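My questions all concern the structure below.
The values are calculated or read from the model by the stated rules, or taken from the named source; none is laboratory data. Note that the coordinates shown come from a computational prediction; the quantities given were computed from them, not determined experimentally. Note that we place each Cβ from the backbone using ideal geometry, even for glycine, and neighbour counts take in every protein chain shown.
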Amino acid sequence: MTTTTQSGSGQPVYTGSGTPTGDEEVVLAFTEVDVRFKTEFGSVHAVKGVDLRVRPGEVVALVGESGSGKSVTSMTAMRLLPRNATIGGQVDVAGREVGRLSESNMRRLRGNDVAMVFQEPMTALNPVLTIGTQMVESMELHGVSRGAAAWKRAIELLGMVGIPEPERQMRKYPHELSGGQRQRVVIAIAISCDPKVIIADEPTTALDVTVQADILDLLRSLKDKLNTGILLITHNMGVVADMADRVAVMFKGEIVERGTVEEVLLHPNHEYTKMLLGSVPRMGHGRGQMDIRVKEEIDADAPLAIELKNLVIEYQRLGKAPFRAVDDVSFDVHQGEIVGLVGESGSGKSTIGRCALGLIPAAAGEFRLLGENITGMKRGDLKPLRKRIGVIFQDPAASLNPRLPIGECIAEPLVVHQVGDRKSREKRVYDLLDAVHLPREVYNRYPHEVSGGQRQRISVARALTLDPELLVADEPTSALDVSVQARVLKIFAELQEQFGFACLFISHDLAVIDLLAHKVVVLQNGKVVEAGPREQIMENPTQEYTQRLIAAAPVPDPLEQGRRRRDRHELLREQGEEVVELNVDADQFHQASREAEVVEVDGTDDQPRR
Amino acid sequence: MLQFILRRIAISALIMFLGSVLMYVLTINSGDPLQDLRESRAENRDQLMAARTENMGLDDPWWQRYLGWFTGVSRCFVLQCDLGTARDGADVNNLLLSSAGASLRLVTIATFLAIFIGVALGVLSAIRQYSGFDYTITFAAFLFYSLPVFWAAVLLKDFGAIRFNNWIADPAVSITVTALVALLFALAVASVLGGSLRRQVVTGLVTFAVVFGLVFAFDQVQWWVQPALGLPLIIVGAVAALGFMLVMTVGLSNRKVTYAGLVTIALGLVSYFVTGPILDDPSGWLVILALTAVTVVVGLAVGWVMGGYERRTAMTVSVGTALGMAFLIFMDKLLRGWAGFLELAGNRPVSTIGENRIIPERFEGDFWEGIFNWGVQLVLPTIVLTLISIASYSRYTRGSMLETINQDYIRTARSKGLSDRVVFTKHALRNALIPITTIVAFDFASLLGGAVITETIFGWRGLGAMFRLGLDTVDPNPVMAYYLVAGGAAVIMNMLADIAYASLDPRIRR
Amino acid sequence: MTDNHRPDDPEHTPAASSVEEVYSVEKQIDLSQKSYSQGQLVRRRFFRHRGAMVSLFVLVFITVMAFTSIGYGLIPSWWDKTFYDAGAAVDGGRPTMQLWPFQIGEHPFGQDTIGKDYFALTMRGTQRSLIVAFTVGLLSTVIGTLIGAIAGFFRGWVEAILMRVTDLFIIIPLLVLAAVVGKMASGIWWLALMLSLLTWTGLARLVRGEVLSLREREFVTAAEAIGTGPWRIIFKHILPNTIGTIIVSATLAIAATILLESALSFLGYGVRAPDTSLGLLISTYQNAFLTRPWLFWWPGLMILGIALSVNFLGDGLRDAFDPRQNRTAD
């Protein structure tokens, strides 16, 4: 099944093999789906004629960056788009055309035939209802099971997805569970009515990398055992390589390339796919990817920019013992050196960064910044020191004052530290804009007029305004699309080479650290697990946690990723940990939900209602 | 949770104390307490002035006067309150006892009515966003929000009291008015229920017919002077209550729960006849309370026995239905008292002045007529106060609801296939109510303030009158008595709001 | 380098730029388009809000009428009667204004019981109410903003005091406190000052809340990390971002003050005779409702008109500052 169609740009597009033929069973089919949104500023054409099919037991990944329309496409299957959307084309779920169903039949379809797993497990569950209530609800609704029986089945389901002590969790509220556990609950709810297809919209994006690997394992065993089709929406090529059977790449509302996962990821045809794959830093490939070069020779005798000795940072809590976010951490950063601070959420990596900026005090230990001890330093004394430090934050949407023009934002440090006059400040800003490859005309623009990556480049420019000796970069590229991230990283590396500042680079992404850092510090629960030169940590980690962390990061190559996955499972078994999978007897499972379905009256026929 | 409440109580006590100092100092400095004597031409003027100075301790420094008052009040802890005397020698304790009841009744009823109606309207207008109903509610909210209370009260006094009295003397509803009323109902019901245009037209027509028929029938049987519900209406109402409870919980198709509700209604019918003699002239509110308790117990029992594995839902539905039916029976008996009350009041049921139609000492009606005696007087001030609070509650609820239905977990709920009804009532409403609880505290204070105005206009000798008396005569004791009761009520209301908050939001429990 | 940043449309000229440029998800910075600041966008949305525009017109009309008709200070008057001179009763004091055929007549709003021109009286009352309302709106906004910002930014004792004072207003109704201080005040300027000192708490709480959340935003943290002083952070980075809340709240404060002042005057604790105000007029003539209803209607409608238009204005401003529709999907 290889056909060629014309894309909007007039180039031939390779449609790839593996697309189901006409008479094959398909659980989810998009035919010429087209979506427009009416907004304040006119109509937005979000999806432009998308065709896609998902077989039972198959994972089809819909890949794209932000604004590509991939989520919108998937929501058409649920018919849950906001009212200002106009939908064209046809979507069939389990053989029924979604657009022609009456509202009540559509509701019968949702949850029963097609279920969803959302990106944000922290907000996807209702905070005021117990896990049990939310689990039981859809089973009772779709007549799978009722009352006490439903409760029992819910406990079984929680057990299946690997939640410990399921009976106890049933009476808990979502805020009492961790992010990974909540995502498991969401998955348990999704499979509770034994749907034919699950739409997973960025199911692991908000999770830590080890948790992500577990959830992916769970999803994979789910489709293998239950023969459920999965439409996986993601921007992460590593996740695609790990999970997908077939891939469709979306760009600005169109599918530009599709095929089996090997075809698309290993032999991409379309320029966009090539660029996208070229922008992903790969674990284990080390330096030199994407033309990003870092000066390797570091003067070992260079003065220390940061020197931590047994640093302890605590957060005060009302009526409870203080929470120790950073516990006995020691490491140092030489001038001109990039040190990567790696860890999962709650590891205390950002806390150390904030402490370096003098934003939170240390409870004990010593924090020497550019030779001066800042623990217990007064605000006024910090100011001259701050002149020598630059900072970049994670969220490009929040890190620039929306009421200040971009030029003023960049010039702010000069004004605060009273450096130069109006003229010289303006010149400096222009120089910096050149350095981060932005046109000088943005000087008088406002942050909301440029997009995420451009804003992050402005943040970089601002951080470099005063020629700092040290730069603290807290997850500077985590919120960016991969192609944009590549660009920002490249500029960052260029500038580091040019200005030679020391850098504390905080990130959860090991591949990025691998690309840039000279030295790596791995943190877990506020403690240093392992620290040392990059090669040592990345290639020969000695600590179990570091090994797990590295093993969990997916790479955008299906063959390599398959190998990595097996290695990871082996590693987990060696370390006495469990490999996550769905604990279920498939026949029994289907039987249980099918018996119940007999009870359900199969309502009226689909009435065309528009 | 307990710690949380204790902390709130401690803070409230501190605030009460600071507030009392502030109030006291401001009041004694708000004017010249000897003003009237200075302007008088009485021969013994100087003597009178000296006596008043002596009595009120006008020569003492403020803290000494405050301490004097505070000592008296602090004896409340040993149940021997001494709130001092007013300038004319009247005992403030007695003054307070005679005035507090009616005022607190007014404010409490207005608060709960406002919360209930306001939240309901807010939810409805959020669900039917951008519909005619929504726009009407929004505009009405703005209108009531901008309405000067005192002006509205004077207007209402004219239309609601004087003209109503004139009308009830010879009650007749013209066909035009009947049609108008029915039309209003039809429009409201149609736009609330929504749906396609055709469905809306049908609901509108049906509502119009029903309402028109009812009003016309009422008019024919002189219902306005001899009202009653009667058994048929009670049954219809009870079935409607059951339907409502079912729709709010499991939906109409659940057989077990429906049967439980029907059995409850049947038992209610039996009790209608059994309790008839007791209810003809009950000796007091205790009887009503006891019967309510019995109702709840019966409801619970029916749900327990018939619920099966859906016991909890069945119990909720049965109790809800039972209470709804009990309320209807109560209303039936109450309405039957109207004719007697009309007779007692000489066919002019509403008085423009006072918190009772007939002074309680001279009143000779039975239990039901007694309710009317203060009830009719309560209606107009309550409407005034409630209208303004409804406006703010409905706006806040609408905003909060719209905010909530944009949350991710609502999308999750919809993706499970839940209907709008369940999404709104089970998933959205509770979350949307959380921020509303904080508004209750502020709104209650403004209601108390509004009560001062309405009491003035409707000539109540209530708390507001006491406050004004004290302030006009620069006499701190009545003002402080007002402060104690109003402040105390506000603190209790706050506490309730806090508890509601904690029970709605599991994240702050424990 | 600037060569790379031409606003190319990737769909039409794919060959012109590098692959990265064509398939970038980044928005091309369109330098040909005019730049809009947040303020300009807000203004545009506000002027599109029909209800707010009508309200603005009504409010300006009432204000201009109130201050020019009978004059104020240096503003000359064009109405030939005053609010204190009594004249002979015309048509029993009934309003002479009629809509069809349109005529204003001798006493458009009628005359009061002793023959004073009621139009002049109402205009005088409107003046008083507007002066008090706008003064209080301005003063309490300034006080509330400052205290709220300080409490939110520095926390500590200012915050503790603010929260306790707010608690106080939960216990003592504003009207009651206002009545007590209003009784002390002599003259409308004193009254305005006193009311301002009572009504800033609401805004202070709002601003505190906004400051608390803005403090956690990264641009404020960034400013702090750069070494920006606290006052510069408050005035340059935080307050400009709360301007929406402040303006909306100030507008609503004006509406609330109109109602508060007239209620106080009605009870006899606000503006007192021989001066007059809308609340006082209603209080004086509430019993004339059955005999001379116009004495009751005009001042009431005036209060309602002002409060309603100010409230709608506030609503329009809120929509303009906080549009929830500028998000498209994915």
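Output the residues belonging to region A:231-257 that are touching a Leu at 6+ places or on another chain (Cβ under 9 Å) and in a helix (DSSP H, G or I).
A:M237, A:V239, A:V240, A:A241, A:D242, A:M243
Output yes when any residue across region A:162-173 is farther than 17 Å from A:T130 by Cα and assigned by TED's automatic domain parsing to the domain that holds A:D245, and no when none is.
Looking through region A:162-173, at least one residue is farther than 17 Å from A:T130 by Cα and assigned by TED's automatic domain parsing to the domain that holds A:D245.
Here is a further query. Quick check on B:V270: is it out of contact with any helix residue (DSSP H, G or I) (no Cβ under 6 Å at 6 or more places or on another chain) and part of a helix (DSSP H, G or I)?
yes
Does region A:408-419 contain at least one residue that is more than 34 Å from the chain's Cα centre (by Cα), touching a residue at least 12 places away in the same chain (Cβ under 8 Å) and more than 7 Å from every other protein chain (Cβ to nearest Cβ)? First the steps, then the outcome.
We begin by selecting, within region A:408-419, every residue more than 34 Å from the chain's Cα centre (by Cα); these are A:414-419.
When the remaining residues are screened for being touching a residue at least 12 places away in the same chain (Cβ under 8 Å), the result is A:414, A:417, A:419.
Next cut, more than 7 Å from every other protein chain (Cβ to nearest Cβ) only: A:414, A:419.
Yes, region A:408-419 has at least one match.
Sticking with this structure for a sec: Here are some conditions: (1) surrounded by 17 or more Cβ atoms within 10 Å (Cβ to Cβ); (2) part of a strand (DSSP E or B); (3) within 14 Å of another protein chain (Cβ to nearest Cβ). A:Q316 meets all but one. Which one does it not meet?
(1)
Yes or no: region B:160-175 includes at least one residue that is within 30 Å of C:N311 (Cα to Cα) and either crowded, with 16+ Cβ neighbours inside 10 Å or among the basic types (K, R) (or both).
Yes, there is a match, as at least one residue in region B:160-175 is within 30 Å of C:N311 (Cα to Cα) and either crowded, with 16+ Cβ neighbours inside 10 Å or among the basic types (K, R) (or both).
While we're looking at this one, here's another question. Test each condition in (1) within 14 Å of chain C (Cβ to nearest Cβ); (2) in a loop (DSSP other than H, G, I, E, B); (3) among the β-branched types (V, I, T); (4) over 15 Å from the mean Cα position of the chain (by Cα) for A:T477 and report the one that comes out false.
In the conditions (1) within 14 Å of chain C (Cβ to nearest Cβ); (2) in a loop (DSSP other than H, G, I, E, B); (3) among the β-branched types (V, I, T); (4) over 15 Å from the mean Cα position of the chain (by Cα), A:T477 misses (4) alone.
Return yes or no: is A:S43 outside any loop (DSSP other than H, G, I, E, B) and buried (at least 18 other Cβ atoms within 10 Å of the Cβ)? Walk me through how you get there before you give the answer.
Numbers: outside any loop (DSSP other than H, G, I, E, B): yes; buried (at least 18 other Cβ atoms within 10 Å of the Cβ): no.
Against the criterion (outside any loop (DSSP other than H, G, I, E, B) and buried (at least 18 other Cβ atoms within 10 Å of the Cβ)), A:S43 does not qualify.
Evaluate the following for A:N401: is it surrounded by 23 or more Cβ atoms within 10 Å (Cβ to Cβ), touching a residue at least 24 places away in the same chain (Cβ under 8 Å) and farther than 19 Å from A:A473 by Cβ?
yes
Another one. Could you say whether any residue in region A:333-350 is within 14 Å of chain C (Cβ to nearest Cβ) and under 19 Å from A:I374 (Cα atoms)?
Applying the first criterion (within 14 Å of chain C (Cβ to nearest Cβ)) to region A:333-350 yields A:350.
Pick out the ones that are also under 19 Å from A:I374 (Cα atoms) and you get A:350.
Within region A:333-350 (the criterion being within 14 Å of chain C (Cβ to nearest Cβ) and under 19 Å from A:I374 (Cα atoms)), the answer is yes, since at least one residue qualifies.
While we're on this one: Could you please find all residues in region B:1-53 being assigned to a helix (DSSP H, G or I), more than 11 Å from chain C (Cβ to nearest Cβ) and touching a Leu at 6+ places or on another chain (Cβ under 8 Å)?
B:L37, B:R45, B:L48, B:M49, B:R52, B:T53
Mind listing whichever residues of region A:81-126 are at the interface with chain B (Cβ under 9 Å from one of its Cβ atoms) and among the hydrophobic types (A, V, I, L, M, F, W, C)?
Listed by number, the residues that qualify are A:M106, A:L109, A:V114, A:A115, A:M116, A:F118, A:M122, A:A124, A:L125.
Tell me whether region B:447-466 contains one or more residues that are more than 13 Å from chain C (Cβ to nearest Cβ), crowded, with 19+ Cβ neighbours inside 10 Å and touching a Lys or Arg at 6+ places or on another chain (Cβ under 9 Å).
There is no residue in region B:447-466 that is more than 13 Å from chain C (Cβ to nearest Cβ), crowded, with 19+ Cβ neighbours inside 10 Å and touching a Lys or Arg at 6+ places or on another chain (Cβ under 9 Å).
In region A:161-195, which residues are charged (D, E, K, R), away from every other protein chain (no Cβ under 14 Å) and in a loop (DSSP other than H, G, I, E, B)?
Residue satisfying the conditions is A:E165 alone.
Kindly provide the set of residues from region A:127-148 that are outside any loop (DSSP other than H, G, I, E, B), more than 9 Å from every other protein chain (Cβ to nearest Cβ) and touching a residue at least 24 places away in the same chain (Cβ under 8 Å), ordered by number.
A:I131, A:G132, A:M135, A:M139
Taking the condition touching a strand residue (DSSP E or B) at 6+ places or on another chain (Cβ under 9 Å) and either within 30 Å of A:F393 (Cβ to Cβ) or within 11 Å of chain B (Cβ to nearest Cβ) (or both), does C:T221 pass?
Yes, satisfied.
Same structure, new question: In region A:18-77, how many are within 14 Å of chain C (Cβ to nearest Cβ) and aliphatic (A, V, I, L, M)?
10
If you check A:L308 against the conditions, is it assigned to a loop (DSSP other than H, G, I, E, B) and not assigned by TED's automatic domain parsing to the domain that holds A:S178? Break it down stepwise before answering.
Values: assigned to a loop (DSSP other than H, G, I, E, B): no; not assigned by TED's automatic domain parsing to the domain that holds A:S178: yes.
Spelling it out, it is not the case that A:L308 is assigned to a loop (DSSP other than H, G, I, E, B) and not assigned by TED's automatic domain parsing to the domain that holds A:S178.
Being in contact with a helix residue (DSSP H, G or I) (Cβ under 7 Å, 6 or more places away or on another chain) and closer than 29 Å to A:D467 by Cα is the filter here, so list the residues in region A:314-344 that pass it.
Answer for region A:314-344, where residues must be in contact with a helix residue (DSSP H, G or I) (Cβ under 7 Å, 6 or more places away or on another chain) and closer than 29 Å to A:D467 by Cα: A:V329, A:I338, A:G340, A:L341, A:V342, A:G343.
If we scan region A:275-289, do we find a residue that is at pLDDT 85 or above and assigned to a strand (DSSP E or B)?
No, that holds for no residue.
Take the conditions more than 19 Å from B:K416 (Cβ to Cβ) and of a type in the set (G, A, S) and apply them to A:S145. Does it pass?
Against the criterion (more than 19 Å from B:K416 (Cβ to Cβ) and of a type in the set (G, A, S)), A:S145 does not qualify.
Now for a different question. Given the conditions (1) more than 14 Å from every other protein chain (Cβ to nearest Cβ); (2) in a loop (DSSP other than H, G, I, E, B), and given that B:S253 satisfies all but one, which numbered condition is not satisfied?
It is condition (1) that B:S253 fails.
Still on this structure, please answer the following. Being within 24 Å of B:T404 (Cβ to Cβ), under 25 Å from the mean Cα position of the chain (by Cα) and free of Cβ contacts under 8 Å to residues at least 24 places away in the same chain, is that true of even one residue in region A:116-125? Spell out the reasoning first.
Taking region A:116-125 first, the residues within 24 Å of B:T404 (Cβ to Cβ) are A:116-125.
Next cut, under 25 Å from the mean Cα position of the chain (by Cα) only: A:116-125.
Now restrict to residues that are free of Cβ contacts under 8 Å to residues at least 24 places away in the same chain: A:123.
Yes, region A:116-125 contains at least one residue that is within 24 Å of B:T404 (Cβ to Cβ), under 25 Å from the mean Cα position of the chain (by Cα) and free of Cβ contacts under 8 Å to residues at least 24 places away in the same chain.
Considering only residues that are basic (K, R) and in contact with an Asp or Glu (Cβ under 8 Å, 6 or more places away or on another chain), which ones fall in region A:157-193?
Matches in region A:157-193: none.
Look at A:G532 and say whether it is surrounded by 18 or more Cβ atoms within 10 Å (Cβ to Cβ) and farther than 13 Å from A:D514 by Cβ.
Spelling it out, it is not the case that A:G532 is surrounded by 18 or more Cβ atoms within 10 Å (Cβ to Cβ) and farther than 13 Å from A:D514 by Cβ.
So the check is Cβ under 6 Å with 6+ separation or different chains; which pairs have a first residue in region B:310-329 that's within 14 Å of another protein chain (Cβ to nearest Cβ) and a second one that's polar (S, T, N, Q) and surrounded by fewer than 21 Cβ atoms within 10 Å (Cβ to Cβ)?
As it stands, the answer is B:T313/B:T249, since those pairs meet every condition given.
Could I ask something else about it? Based on what the data block shows, is C:P274 more than 16 Å from C:L59 (Cβ to Cβ) and surrounded by 22 or more Cβ atoms within 10 Å (Cβ to Cβ)?
So C:P274 fails the test.
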